[in-house]
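Following: one structure in structure tokens, then a few remarks.
The values are calculated or read from the model by the stated rules, or taken from the named source; none is laboratory data. Model, not experiment: these values are computed from the prediction. For neighbour counting, all protein chains shown are included, and Cβ atoms are generated from backbone atoms with ideal geometry for every residue, glycine included.
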Amino acid sequence: MKEGDVILAQLPQANGKMKNRPAVFLREMPPPYRDMLVCGVSTQLQQYVINFDDIISPPDADFDSSGLQSKSVIRLGFLAVIPRNRVLGSIGSISSKRHKSLLKKLCDYFNIHSS
């Protein structure tokens, strides 16, 4: 698996239970554990946060390669660091441009809100 892949993984939900759901693999954490920083993907478009999250839909050049079935929100506000053994597999990938954009939004958010 590589950064930018859309994966199916066991992610914690708001109620504390684990659920298999799609996520974008954002960044590998440092050794020795090499856990994965991921953000959840949802078809619940009302969860979209303007100027933060990202919408991926069929007209997008990387939609088909993502493996997603319908228009979805890539939720930067739904982050998790997970061990690789919680990943069930990869279903596709987003473009490197979208991946870089997501990382930039996340970094900008932390930089702006760090003081």
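Quick notes
- Cβ-Cβ under 6 Å pairs, at least 6 apart or on other chains, region 75-102 side among the charged types (D, E, K, R), far side part of a strand (DSSP E or B) and modelled with pLDDT under 95: 86/10
Table: residues versus (1) loosely packed, with under 11 Cβ neighbours inside 10 Å; (2) outside any loop (DSSP other than H, G, I, E, B).
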{"residue": "1", "(1), (2)": "no, no"}
{"residue": "15", "(1), (2)": "yes, no"}
{"residue": "21", "(1), (2)": "no, yes"}
{"residue": "25", "(1), (2)": "no, yes"}
{"residue": "33", "(1), (2)": "no, no"}
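- Under the condition of being surrounded by 16 or more Cβ atoms within 10 Å (Cβ to Cβ), part of a helix (DSSP H, G or I) and at pLDDT 95 or above, the residues counted in region 60-102 number 5.
- Which numbered condition residue 22 misses (of (1) at pLDDT 95 or above; (2) within 20 Å of residue 110 (Cα to Cα)): (2)
- When residues in region 1-59 are screened for being in contact (Cβ under 8 Å) with a residue 40 or more places away in the chain and closer than 15 Å to residue 71 by Cα, 7 of them pass.
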